[in-house]
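One structure is given below, encoded as structure tokens.
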Amino acid sequence: MRTIISVSNKSGVADFAHGLQELGIEVFSTGGTKKSLEIAGAKVRSISELTGFPEILDGRVKTLHPAVHGGILARRDLPQHLAELAQNHIETIDMVVVNLYPFVETVTRGDVSLDKALENIDIGGPTMIRSAAKNFPSVLVIVDPEDYDLILSQLRQGDIALKERKRLAQKAFQHVAIYDTAIAQYLNEESFPEEMTIALKKSHSLRYGENPHQQAALYIEQNVKQAQNGLTSLKHLNGPEISFNNLLDFDAALNMLGNFTAPTVAIMKHTNSCGLASHDSLAEAYRRALTGDPLASFGGVVASNQTIDLATAEEINKTHYDAIIAPKYEKEALELLKRKKSLRLVEVPLPRHSEHGEESHLDFRHVKGCFLAQTLDFFTESELAPRTVTNRQPTQAELSNLLFAWKTVKGIKSNAIVIVKDKTLLGMGAGQPSRVVSVELALKRAGDEAKDSVLASDAFFPFTDGPELAIKNGVTAIIQPGGSVRDKEVIDMANQYNIAMVFTGVRHFRH
């Protein structure tokens with residue numbers, strides 16, 4: 001047997017080469033890999049000996065040669081292929097061990113020149129990998145150092161089974177596909193190019209999906225133009241395995257809390273916030289959030305945009321929750337919360353939402369047979385200074401609560417309505433086909449507390465029925481996008497009741 005070893009990641013390769021040579025397998029190698037193996041005491045022959053041609057163009061051309069690819073690609077079951085090899089004095093190559101130039105590591109270091117990036121695009125490596133993977137029944141292809149020990153073990157026992165060879169080939173083609181995706185991402189300057197691939201790397205399997213009969217796993221998107229953040233930086237500090245549904249709630253919590261800078265606590269249930277409040281005291285923010293819906297909060301997820309201190313932990317500890325997510329925990333708070341073995345404690349840096357779209361960050365939604373792609377939802381500067389459309393201006397206290405409500409409603413499922421007072425979510429209606437039904441649900445949850453509250457709607461009111469119902473139950477100010485053909489009717493009705501209404505000019509659907 002003969003093998004070619006040419007790797008950028010040299011982890012474990014010297015031991016692997018020694019193991020191959022103990023089995024009588026001849027090793028050929030290139031440049032830096034050859035030097036590394038020789039220093040480790042392995043007996044290595046140069047690729048130039050195989051090709052009869054020197055490496056040229058600063059190593060750009062070394063393995064792109066018929067002596068290499070003919071030896072890899074020849075089908076052993078076709079006599080004419082073997083005859084052609086013999087006629088051209090080419091011997092078969094039975095194993096290719098290759099991983100690629102560190103393109104991703106290079107272009108994500110910071111200010112990297114285009115010339116430097118281009119020099120780190122591997123050409124010969126992917127070509128050898130694809131050749132070997134195409135001919136996997138006869139040629140072993142190894143791209144992952146984690147496979148070295150397994151392959152050595154199986155070689156010592158005899159030949160490698162076809163099923164294992166196929167697994168290695170699939171892994172090799174996927175390795176090259178992700179590599180090419182990273183290069184395409186780096187060179188891309190369009191928000192929505194005509195063709196696009198999404199690169200995913202498996203983090204770990206999950207116990208099950210949304211329901212116990214569904215299998216699931218967590219994959220991390222690989223994108224050279226966006227930093228790894230959010231749930232990719234998750235640290236599991238305590239409690240049972242994190243579930244599929246936990247992760248959905250964590251994501252919803254990060255989306256919600258990213259809108260707020262003041263100390264804020266959200267209580268998440270089925271990706272909606274059933275409790276939310278901001279206050280200078282985090283413990284008070286939690287207490288107020290809990291008043292939003294104490295019954296629904298049971299078994300939910302508590303999320304904070306600030307370090308959980310001992311006072312807040314003591315309050316949280318009084319109720320049963322499935323998980324807590326925060327950027328940090330004070331030592332005493334963590335010790336207290338860890339006493340509940342069934343409570344998942346998660347640490348995640350909080351991403352801050354910008355006030356402009358980031359075109360390299362796309363929000364993907366999978367629908368049957370398709371992907372939808374959009375830029376991230378964000379707040380515009382103008383909507384945070386909304387336009388008053390009624391005779392009465394909102395008071396300063398109302399305006400403060402209206403802006404809190406507007407940031408809240410963006411994170412609630414459409415049709416979304418929230419009732420707010422004292423920067424506390426009192427009630428919300430979400431996911432209803434009818435906007436007036438969402439108003440009814442929000443008011444029902446708020447109860448008597450709706451008196452002197454404010455309301456936010458994620459999209460315009462198509463009729464006067466929703467706003468009028470809210471006003472009759474104590475709402476004194478409303479924030480909504482506007483834009484309905486019946487805006488004048490809604491405004492006239494608000495003036496009739498002498499309440500304040502502001503338009504943002506922007507909607508925030510969350511389907």
When only residues in the range 55-87 that are of a type in the set (Lys, Arg) and over 41 Å from the mean Cα position of the chain (by Cα) count, which is nearest to GLY125 (Cα to Cα)? ARG75
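Within the range 13-25, which residues are touching a residue at least 40 places away in the same chain (Cβ under 8 Å) and either part of a helix (DSSP H, G or I) or exposed (fewer than 15 other Cβ atoms within 10 Å of the Cβ) (or both)? Spell out the reasoning first.
Step one: list which residues in the range 13-25 are touching a residue at least 40 places away in the same chain (Cβ under 8 Å), which gives 13, 15-16, 19-20, 23, 25.
Scanning the range 13-25 gives VAL13, ASP15, PHE16, GLY19, LEU20, LEU23.
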Out of all the residues in the range 52-65, which are in contact (Cβ under 8 Å) with a residue 24 or more places away in the chain and either touching a helix residue (DSSP H, G or I) at 6+ places or on another chain (Cβ under 6 Å) or under 16 Å from MET95 (Cα atoms) (or both)? GLY59, LYS62, THR63, LEU64
If you go through the range 170-229 one residue at a time, how many are among the aromatic types (Phe, Trp, Tyr) and closer than 19 Å to PRO126 by Cβ? 3
Taking the range 328-356 and the residues there that are under 17 Å from the mean Cα position of the chain (by Cα) and in a loop (DSSP other than H, G, I, E, B), the one that is modelled with the highest pLDDT would be VAL348
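Out of the residues in the range 236-254 meeting the condition of being touching a residue at least 60 places away in the same chain (Cβ under 8 Å) and either among the small types (Gly, Ala, Ser) or touching a helix residue (DSSP H, G or I) at 6+ places or on another chain (Cβ under 9 Å) (or both), tell me which one is nearest to VAL112 (Cα to Cα).
First, pick out the residues of the range 236-254 that are touching a residue at least 60 places away in the same chain (Cβ under 8 Å): 236-240, 242, 246, 249-250, 252-254.
From what is left, the residues that are either among the small types (Gly, Ala, Ser) or touching a helix residue (DSSP H, G or I) at 6+ places or on another chain (Cβ under 9 Å) (or both) are 237-239, 242, 250, 252-254.
Working: LEU237: 36, ASN238: 40, GLY239: 42, ILE242: 37, PHE250: 34, ALA252: 34, ALA253: 35, LEU254: 31 Å.
This residue is LEU254.
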Which condition does LEU372 not pass, out of (1) surrounded by 14 or more Cβ atoms within 10 Å (Cβ to Cβ); (2) free of Cβ contacts under 8 Å to residues at least 60 places away in the same chain; (3) hydrophobic (A, V, I, L, M, F, W, C); (4) not in a loop (DSSP other than H, G, I, E, B), if it passes all the others? (1)
The range 224-235 residues that are over 14 Å from LEU362 (Cα atoms), paired with ones that are of a type in the set (Phe, Trp, Tyr) and at pLDDT 75 or above (beta carbon under 8 Å, 6 or more apart): LEU231/PHE250; LEU234/PHE250
Does ILE4 satisfy the criteria of being in contact with a Phe, Trp or Tyr (Cβ under 9 Å, 6 or more places away or on another chain), modelled with pLDDT of 90 or more, crowded, with 18+ Cβ neighbours inside 10 Å and more than 30 Å from LYS116 (Cα to Cα)? no
Could you grab me the full set of residues in the range 55-93 that are surrounded by 11 or more Cβ atoms within 10 Å (Cβ to Cβ), charged (D, E, K, R) and out of contact with any strand residue (DSSP E or B) (no Cβ under 8 Å at 6 or more places or on another chain)? ARG60, ARG75, ARG76, GLU84
Which numbered condition TYR286 misses (of (1) part of a helix (DSSP H, G or I); (2) touching a residue at least 60 places away in the same chain (Cβ under 8 Å)): (2)
Residues in the range 242-264: is at least one over 17 Å from the mean Cα position of the chain (by Cα), surrounded by 14 or more Cβ atoms within 10 Å (Cβ to Cβ), part of a strand (DSSP E or B) and modelled with pLDDT of 95 or more? yes
Answer yes or no: is there a residue in the range 445-456 that is at pLDDT 95 or above, over 30 Å from the mean Cα position of the chain (by Cα), of a type outside the set (A, V, I, L, M) and crowded, with 24+ Cβ neighbours inside 10 Å. yes
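For the range 123-144, does any single residue satisfy the condition of being at pLDDT 85 or above, assigned to a loop (DSSP other than H, G, I, E, B), over 25 Å from PHE28 (Cβ atoms) and not basic (Lys, Arg)? Quick ask: steps written out before the conclusion?
Step one: list which residues in the range 123-144 are at pLDDT 85 or above, which gives 123-144.
The next check asks that each one be assigned to a loop (DSSP other than H, G, I, E, B); those that pass are 123, 135-139, 143-144.
Going one step further and asking which of them are over 25 Å from PHE28 (Cβ atoms), we end up with none.
No, the range 123-144 contains no residue that is at pLDDT 85 or above, assigned to a loop (DSSP other than H, G, I, E, B), over 25 Å from PHE28 (Cβ atoms) and not basic (Lys, Arg).
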Filtering the range 219-241 down to residues that are hydrophobic (A, V, I, L, M, F, W, C) and part of a strand (DSSP E or B), which residue is nearest to ALA199 (Cα to Cα)? ILE220
In this structure, does VAL436 turn out to be on the phi < 0 side of the Ramachandran plot, within 36 Å of the chain's Cα centre (by Cα), in contact (Cβ under 8 Å) with a residue 12 or more places away in the chain and part of a strand (DSSP E or B)? no
Within the range 286-300, does at least one residue satisfy the condition of being assigned by TED's automatic domain parsing to the domain that holds THR312, of a type in the set (S, T, N, Q) and buried (at least 18 other Cβ atoms within 10 Å of the Cβ)? yes
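Is it the case that some residue within the range 275-282 is surrounded by 15 or more Cβ atoms within 10 Å (Cβ to Cβ), assigned to a strand (DSSP E or B) and not aliphatic (A, V, I, L, M)?
Taking every residue of the range 275-282 in turn, at least one turns out to be surrounded by 15 or more Cβ atoms within 10 Å (Cβ to Cβ), assigned to a strand (DSSP E or B) and not aliphatic (A, V, I, L, M).
Return the total of residues in the range 307-325 being of a type in the set (S, T, N, Q) and crowded, with 18+ Cβ neighbours inside 10 Å.
1
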Which pairs do you get when a residue that is not assigned by TED's automatic domain parsing to the domain that holds VAL97 and assigned to a helix (DSSP H, G or I), found in the range 148-162, comes within reach of a residue that is among the small types (Gly, Ala, Ser) and loosely packed, with under 14 Cβ neighbours inside 10 Å, reach meaning Cβ atoms under 8 angstrom, with the pair 6+ apart or on two chains? none
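The values are calculated or read from the model by the stated rules, or taken from the named source; none is laboratory data. All figures in this text were calculated on a predicted structure; none of them were measured in a lab. Note that we place each Cβ from the backbone using ideal geometry, even for glycine, and neighbour counts take in every protein chain shown.
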